[in-house]
Structure formats: structure tokens, C-alpha cells
Amino acid sequence: MRRFVDISVPLQAGIASDPPGDLPEIDYYDHKQTAAEVVSFFPGATVDDLPDREGWAIERVRITTHNGTHLDAPYHYASTMDGGKRAITIDEVPLEWCLQPAVKLDFRHFPDGYVVTAADVEQELDRIGHTLSPLEIVLVNTSAGTRYGQPDYVGTGCGMGRAATLYLLERGVRLTGTDAWSWDAPFSFTAQRYAEDHDASIIWEGHRAGRTIGYSHIEKLHNLESLPANGFEVSCFPVKVHAASAGWTRAVAIFDE
């Protein structure tokens, strides 16, 4: 018997899911509103010909490929990956990356803005008694997980630093995920650190690790608190948007019971 756990957020307008200017917009049209549109395809038909005078329910959506739970392609981070090769877009991400055994790292105790180190990753793997395998999916549970849609969501949670990201990639991991808005620490905290010494290497450092070793990650995951440390698979195939930097995904944790 298999058990499926939804670890995606709903794509929803009117909540604080992204920074201002990047929020999704959804217009909903019900069966009454579209009845005239439906009969316009059939000359001579009237709304009275439709059952209960109903057309179809549809939605018109204005979004980016980074709204909702989505999978980032290496192309999102830079034009190159693997030390100079052309970065692949979302329609080129290998499908085998997207359905693999998974492990969860619990970093909810780290304060907002904390940048996770390689030592932190190693310590957490030791704590849960897990050794990484190539292509295993690594999920990061942060304190942002329960704040989705709240005003403080975008600025909540820890982020994965360059060294921590490379620690995973050097062991064959090619797909990771977080329940925070970004794989990196919230920009508000990075901006404070940058103001101190203007070290540009800290800007988007976890993402930029993909320039060295190409990888993908999922952002805006949900419900990671309900998952164990390991013993499950993750399915997260992205929508095939031509030549795009990301694609939306219905990420699901799968258990064999």
C-alpha cells in the first residue's frame, strides 16, 4: 500500500506568498458568467439550451514561473553550470532527478536569516543516521514552513549557504527543496550583511553554487513538518515550459506501507 502526502502550497492570490510586484493574480469565472461564451461556439444555440444555463468554470491567471511551489532549473541561477557549460532550462531537467528517495533536514531551530553551513548539514545527517546517495532528493524544513501566506513569510527562515549546497552536490545530490521562499537566506538579512563589508559573494550564494555543479531545487514546499527524516520518495516533475527558468510542480512525498 502506498501513502501520498501533498508537500505543495496552493497557488493562491491575495496572500503574502511573494514580494510585492511578484504576486500571482487569478480571475475566477463561474458557470453563469461563461454561458454566453460557450454558446458563441455553436451558431443558433442560446444559453437556454445549456443544462441549468451553465457554461464552464475557468480561471485566467497572471503569474511567474516562480509563483507557487515550483522547480528551479540551473538556468535560473546563471547562464552556465558545471564550470562553464550552458545551463539547462526547465524543459531539459532530467526526469530522473524528479522521482527519487528523499531525506529531510530539520533546520527549524535556526533563526531567521541564518546561513546554513556544510558542518550544519553534516551534523544533521549524523543526527538522523543517514548517508547521502547520488540523486537522492534533500528537503530542508525551516521555520518558514508554517508561515506561508502570512506577512512575514518572505523574510522568515534560514537559508542554505554555498558551502552547504556544494556539500550536497559533491555527494551526487541534484535536486533539493525548501519550504521557505528561497533556497538562500531571506534577502533582507543578506542585505544587512552586505552593507557591513560589501562582500558580493554572499548574494544568492546557495543558488550560485549551481555555476559549479548544476542542480535544481524546489521552493515554497509545505507540510514538511509531517515527514520523517527519511524512508520516503519525492515526486516533483515540473511543468514543461519551453526554455524557462522554472516550472510549477505538485510535489508529493510517497511512502510504501
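Just a few scattered comments:
- Being charged (D, E, K, R), out of contact with any Phe, Trp or Tyr (no Cβ under 9 Å at 6 or more places or on another chain) and closer than 27 Å to Pro186 by Cβ holds for only one residue in Asp106, Asp112, and it is Asp106.
- Residues in region 101-133 that are of a type outside the set (A, V, I, L, M) and assigned to a helix (DSSP H, G or I): Asp120, Glu122, Gln123, Glu124, Asp126, Arg127.
- Total residues in region 192-226, condition within 21 Å of His66 (Cβ to Cβ) and of a type in the set (Gly, Ala, Ser): 5
- Of all the numbered requirements in (1) part of a helix (DSSP H, G or I); (2) of a type outside the set (A, V, I, L, M, F, W, C); (3) in contact with a Lys or Arg (Cβ under 6 Å, 6 or more places away or on another chain), Thr190 misses one, and that requirement is (3).
- Yes/no for Glu225 being in the same structural domain as Gln150 (by TED's automatic domain parsing) and either closer than 16 Å to Leu105 by Cβ or in contact (Cβ under 8 Å) with a residue 24 or more places away in the chain (or both): yes
Listed here are the residues, each with its yes/no results for (1) closer than 30 Å to Gly149 by Cβ; (2) at pLDDT 95 or above; (3) among the charged types (D, E, K, R); (4) not assigned by TED's automatic domain parsing to the domain that holds Ala243.
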| site | (1), (2), (3), (4) |
| --- | --- |
| Thr34 | yes, yes, no, yes |
| Glu37 | no, yes, yes, yes |
| Ser40 | no, yes, no, yes |
| Thr46 | no, yes, no, yes |
| Asp49 | no, yes, yes, yes |
| Asp52 | no, yes, yes, yes |
| Ala57 | yes, yes, no, yes |
| Tyr75 | yes, yes, no, no |
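- Among (1) hydrophobic (A, V, I, L, M, F, W, C); (2) surrounded by fewer than 22 Cβ atoms within 10 Å (Cβ to Cβ); (3) assigned to a helix (DSSP H, G or I), the one test that Ile213 misses: (3)
- Check on Asp112, assigned by TED's automatic domain parsing to the domain that holds Leu168, under 27 Å from Gly155 (Cα atoms) and out of contact with any His (no Cβ under 7 Å at 6 or more places or on another chain): yes
- Candidates in region 172-187 are the residues that are part of a loop (DSSP other than H, G, I, E, B) and of a type in the set (A, V, I, L, M); of these, the one that is nearest to the chain's Cα centre (by Cα) is Ala180.
- Residues located in region 111-142, provided they are crowded, with 18+ Cβ neighbours inside 10 Å and within 25 Å of Arg193 (Cα to Cα): Asp112, Gly113, Tyr114, Val115, Val116, Asp120, Val121, Val140, Asn141, Thr142
- When region 152-171 is filtered for residues that are within 20 Å of Gln123 (Cβ to Cβ) and either free of Cβ contacts under 8 Å to residues at least 12 places away in the same chain or part of a loop (DSSP other than H, G, I, E, B) (or both), the ones remaining, listed by number, are Gly157, Cys158, Gly161, Glu170, Arg171.
- Extreme residue, surrounded by the most Cβ atoms within 10 Å (Cβ to Cβ), among residues of region 1-23 that are under 30 Å from Phe255 (Cβ atoms) and of a type in the set (A, V, I, L, M, F, W, C): Ile7
- Sub-8 Å Cβ pairs linking a first residue in region 181-205 that is under 14 Å from Ala144 (Cα atoms) and surrounded by 18 or more Cβ atoms within 10 Å (Cβ to Cβ) to a second residue that is at pLDDT 95 or above and among the basic types (Lys, Arg), at least 6 apart or interchain, are Trp181/Lys220, ordered by first then second residue.
- Residue in region 105-122 that is farther than 19 Å from His66 by Cα and touching an Asp or Glu at 6+ places or on another chain (Cβ under 6 Å) present: yes
The values are calculated or read from the model by the stated rules, or taken from the named source; none is laboratory data. Predicted model, so just to flag it, every value in this text is computed and none were measured. Cβ sites come from the backbone with ideal geometry, for glycine too, and all protein chains shown count toward neighbours.
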